[in-house]
Amino acid sequence: MDLETDAGPGPSLADQAAIGVLTRTFPVALVDRVIDQYWRREQRTRALPARLVFYFTLVLCLFPQESYRSAMKILMSVFGRGGQGYRVPTTGSIGDARSRLGSGPMETAVRAVMAPQARPETRGAWYQDWLLCAVDGTTFTVPDTDENDRAFGRPGSGRGEGKTAYPQIQAACLVELGTHAVFDARVDGYAAAETMLIEEMFSSMRLGMLVLADRHIYSFHRWIKAVDTGADLLWRVTSSLILRPVELLADGSYIAEVIPPKKSGLASFRLRVVEYRLPESDEIYRLVTTIMDPRRAPAKDLAMLYHERWDIEGFLKQIKSVQLNSEKIFRSKSPDRVRQEFWAHLGVHYATMRVQVDAADHAKLDPDRISHKNTVRIIRSRVWKPESFPPHAR
């Protein structure tokens, strides 16, 4: 569905989406409060004050093909600073201003607003009373500078002549599957263990969520830690995991006991196992879950639900294919600006998804039916209305 489709009386959804799309998610009061928290509020007037630079960094992620100066020229005209004779700052000055702002304020502001977006009526976001979520990791490519290489590392070994790989960052995200809204994330160097970054996000899991994960996530200790959050789990595990069946259930699933590693001092525990094979495939899928009662969640339902996990790939594709440039490489040439840009991309995606969820609920559709690419296109075409941004930055 195109966001411009009229689903009822009143202002078009496109017009509603265009007004304040960034400041709706990141209000001026929040931005100023975060900037003050980090002591980034200027003691003297600058051509590029911190508030302006905050929104500018978001705009860079919304307009990946624009240069620093062309993006700033449009943004400053909206802020009322682009009058006749006004000279747009140099690329170097803009880069310096981003460095002064730093990654901390961007991360703090994005974390302050990120939360699950699904409402009780949001279609495709729920199974029974569970909110469907997933954890996964990915890498992003960053510019090939000595600073980025030292801070993040790169794939491969050695720096032999002719090596073409770029430095990369390792990221992990906790995503609401029905809306593609990310509500927690971690970022580190390329060599960081994805599973450890995912484990750090367990604090954002809650009772009432059903969290899906691929087979490389499971470990005895990680499972116990995730269970302690109160969320229910549906994880794929490897065929090498030793499970001791203790009870066969009517739907074909079974209860199994998991024996802890020797000398761990931990007690064994039970979980429910669902095994199945897809048509025309020899691969056996082995799922484990905390939902022990097959009447609450039959094995067939769980098998179908697990494949919803791939929606997290859709979230990652939306950032890599829509928000990044054609080369799918970050802009930032220094480590702190890379981190700043990472959080800005999550912030822009989150703001965009809020628009999509509103449009889907208005039209009584699954948010997946709203084109993310078209939503971004409409926002890009209308975001420069003067009323979309706050008054003059201090």
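The values are calculated or read from the model by the stated rules, or taken from the named source; none is laboratory data. Since the structure is predicted, the reported quantities are computational estimates derived from the model, not experimental observations. Ideal geometry is used to build each Cβ from the backbone, glycine not excepted, and the neighbour counts take in all protein chains shown.
Looking at the stretch 113-136, is at least one residue in a helix (DSSP H, G or I) and within 26 Å of Ile370 (Cα to Cα)?
Yes; the residues of the stretch 113-136 include at least one that is in a helix (DSSP H, G or I) and within 26 Å of Ile370 (Cα to Cα).
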Out of the residues in the stretch 65-82 that are hydrophobic (A, V, I, L, M, F, W, C) and more than 20 Å from Ser332 (Cβ to Cβ), which is modelled with the highest pLDDT? Met76
Where Pro294 falls short, out of the listed (1) surrounded by fewer than 17 Cβ atoms within 10 Å (Cβ to Cβ); (2) more than 30 Å from the chain's Cα centre (by Cα); (3) not in a strand (DSSP E or B): (1)
Among His362, His349, His345, which is the only one that is assigned to a helix (DSSP H, G or I) and surrounded by fewer than 17 Cβ atoms within 10 Å (Cβ to Cβ)? His362
Subset of the stretch 97-133, residues aliphatic (A, V, I, L, M) and within 22 Å of Lys328 (Cβ to Cβ), comes to Met106, Val110
Checked Lys262, Lys225 against criteria (assigned to a helix (DSSP H, G or I), free of Cβ contacts under 8 Å to residues at least 60 places away in the same chain and of a type in the set (Lys, Arg)); the one match is Lys225
The stretch 319-333, residues that are surrounded by 13 or more Cβ atoms within 10 Å (Cβ to Cβ) and either farther than 19 Å from Ala165 by Cβ or among the hydrophobic types (A, V, I, L, M, F, W, C) (or both): Ile319, Val322, Gln323, Leu324, Ile329, Phe330
I want to confirm something. Restricting to the stretch 165-208 and keeping residues that are among the aromatic types (Phe, Trp, Tyr) and outside any loop (DSSP other than H, G, I, E, B), which single residue is surrounded by the fewest Cβ atoms within 10 Å (Cβ to Cβ)? Phe202
